[in-house]
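The values are calculated or read from the model by the stated rules, or taken from the named source; none is laboratory data. Note that the structure is predicted; figures quoted are calculated from it, not measured. Using ideal geometry, Cβ is built from the backbone for each residue, glycine included, and neighbour counts are taken over all protein chains shown. Protein only, heavy atoms only, side chains kept; ligands, DNA and RNA dropped before computing areas. Shrake-Rupley method; radii C 1.70, N 1.55, O 1.52, S 1.80 Å.
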Amino acid sequence: MLLEVNDLNVYYGAIHALQGISFGVEEGEIVSLIGANGAGKSTLFKALVGLLPLRGGCILIHGLPLGHHLDCVAYVPQREDIDWRFPVTVSDVVMMGRIARLGLFGMPKKKDWEFVHAALETVGMAEFEKRQIGELSGGQQQRMFIARSLAQEAELMLMDEPLAGLDSPSQEGLLG
């Protein structure tokens, strides 16, 4: 099993946000999480990548606890969680997906830049690689984050509202 979640409990302060959540995802499966605003979808994703502490239950990836496979889990956050004034380019953000493979102080090699360029091509953002992230439209920002997760070569991709801000042709291109 690629992902196993057993009796997951997550709190925001004193608020019990998720209670008793259990499910599994096999390799190659595509799963959608649908629910009303405030139902806990983003909370679940943040727990699955270790951004929120667990108050019970466990998350296993390939049978090992969360944190043992940092390079095989990619997360595409909602756009509201980002400081768009931060002075980085589109290609810088996509390269961040390669950090686990580079090491903390490793310098990107030609192969890493090839992954970045290929990911940007896949999402139709190659022409924006040198643009500052704050200059992008909402749909372009979303496609940049999807490119980052593609460049990561992750086995598990978690996408929180991945189609938000994308026009119909972009949605079809990403889903096709």
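Against the list (1) out of contact with any Lys or Arg (no Cβ under 7 Å at 6 or more places or on another chain); (2) of a type in the set (Val, Ile, Thr); (3) more than 26 Å from residue 142 (Cα to Cα), the condition residue 10 fails is (1).
Residue by residue, here is whether (1) in contact (Cβ under 8 Å) with a residue 60 or more places away in the chain; (2) touching a Ser or Thr at 6+ places or on another chain (Cβ under 9 Å) holds:
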| position | (1), (2) |
| --- | --- |
| 126 | no, no |
| 132 | no, yes |
| 145 | yes, no |
| 154 | yes, no |
| 164 | yes, no |
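Here is a yes/no grid of residues against (1) modelled with pLDDT under 90; (2) touching an Asp or Glu at 6+ places or on another chain (Cβ under 6 Å); (3) farther than 29 Å from residue 125 by Cβ:
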position: 57; (1), (2), (3): no, yes, yes
position: 66; (1), (2), (3): yes, no, yes
position: 71; (1), (2), (3): yes, no, no
position: 75; (1), (2), (3): yes, no, no
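In summary, strands (runs of 3 or more DSSP E) completely within the stretch 1-88 and bearing 1 or more residues that are surrounded by 14 or more Cβ atoms within 10 Å (Cβ to Cβ), out of contact with any helix residue (DSSP H, G or I) (no Cβ under 7 Å at 6 or more places or on another chain) and without any contact (Cβ under 8 Å) to a residue 12 or more places away in the chain occur at 15-25. Within the stretch 109-118, the presence of at least one residue that is open to solvent by 30 Å² or more (accessible area, probe 1.4 Å), farther than 19 Å from residue 74 by Cβ and either in a helix (DSSP H, G or I) or at pLDDT 90 or above (or both) is confirmed.
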